[in-house]
Amino acid sequence: MWLFERFEGLIIEQGRIIGPDGKLIYNLIDACAIAKKYDVKFYFCLMDSWGITADDLSKNVKKKYLKLAKEIITNQRHEFIDAVYQVFYIPEIRNQTWAIDVLNEPEGLEQNKYDDRRKETGINWNDLIRYIRFALTTLKQKTGLAVSCGFQESSGILKAKNKIHEFVDFFDFHKYDDSGDLPRYDSLGISKPCIIGECGQETKEWDDSLQATAVKKFLENSRNSGYSGCFFWEYGYKNLDKTYKEKSWSLINPDETHRPAVEEIKKFLKE
């Protein structure tokens with residue numbers, strides 16, 4: 001299960017990262033204890049680039065998030081990764097960790113990308129690569145856990161692969177497409193494994209048939225095209241309002257019953 005946060009778990013004093021918040025650690029220990037009962041491991045993501053534009057955050061929170069993300073990427077890499085290591089040093093958490101994703105979709109933080117909401121980030125591609133390489137190498141050395149970085153599209157891998165290939169244990173990119181289309185693995189020009197770390201239908205509409213078709217095709221195409229795994233966004237949560245289009249990816253209904261796409265996953269696993 002992929003899990004990320006937006007710096008809520010950091011203690012910051014006078015602009016400097018001191019370490020992880022105790023509540024974060026206790027919550028993660030509890031989550032790992034529950035996950036262990038169900039043979040579930042976590043793919044922990046350290047930073048969500050889309051915190052600077054997320055619809056569920058206020059304008060002031062977005063500005064604060066961007067300021068901290070920029071500070072971490074350009075200046076406080078060591079302090080941030082030291083804080084992260086303190087979390088994974090705890091056996092209950094480390095043992096329930098499948099891998100670490102050092103940054104969700106770095107493209108979302110790159111200067112002058114996509115639209116006006118992100119053009120003033122003050123973070124360039126070289127800044128992002130320096131952070132990614134440092135996080136990958138340091139956490140691999142300190143924890144021994146598998147490390148990666150999830151890119152928004154396969155184009156992100158093509159852009160970054162020459163600079164991070166030796167440091168990742170596997171590559172990861174995300175894809176949303178109603179037909180579940182994927183480029184072939186061998187077209188990426190990499191020798192490390194690659195997963196589809198996030199995928200789902202592209203159309204933001206609550207449609208059981210559309211979702212089930214996309215899920216089925218992503219599973220088949222990821223297997224047939226040479227990928228090493230396929231994760232779907234997203235499981236879902238309580239009080240789901242299915243009139244909200246952004247929630248159309250949920251694999252569960254508002255009453256927490258499974259949507260038809262889950263049956264496609266079960267059938268694929270049986271095969």
**OP:** Go through the residues of the range 58-68 one by one and say whether even a single one is in contact with a Lys or Arg (Cβ under 7 Å, 6 or more places away or on another chain) and either under 18 Å from G9 (Cα atoms) or in the same structural domain as F231 (by TED's automatic domain parsing) (or both).
**Re:** yes
Of the residues in the range 34-64, those that are of a type in the set (S, T, N, Q), buried (at least 19 other Cβ atoms within 10 Å of the Cβ) and part of a loop (DSSP other than H, G, I, E, B) number 0
Test: residue in the range 183-193 that is among the polar types (S, T, N, Q) and closer than 24 Å to E110 by Cβ
yes
Those residues of the range 173-215 which are crowded, with 18+ Cβ neighbours inside 10 Å and charged (D, E, K, R) amount to K175, E198
Look at I52 and say whether it is of a type in the set (A, V, I, L, M), within 18 Å of the chain's Cα centre (by Cα) and under 21 Å from I18 (Cβ atoms). no
Restricted to the range 202-219 and to residues being of a type outside the set (A, V, I, L, M, F, W, C), in a loop (DSSP other than H, G, I, E, B) and over 21 Å from the mean Cα position of the chain (by Cα), the residue modelled with the highest pLDDT is D207
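Could you pull out the residue among Y176, Y131 that is touching a Gly at 6+ places or on another chain (Cβ under 7 Å) and either without any contact (Cβ under 8 Å) to a residue 60 or more places away in the chain or in the same structural domain as F44 (by TED's automatic domain parsing) (or both)?
The unique qualifying residue is Y176.
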I17 meets each of (1) over 20 Å from the mean Cα position of the chain (by Cα); (2) surrounded by 17 or more Cβ atoms within 10 Å (Cβ to Cβ); (3) under 24 Å from C230 (Cβ atoms) with one exception, condition (3)
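The values are calculated or read from the model by the stated rules, or taken from the named source; none is laboratory data. The structure displayed is predicted, hence computed values, not measured ones. Ideal geometry is used to build each Cβ from the backbone, glycine not excepted, and the neighbour counts take in all protein chains shown.
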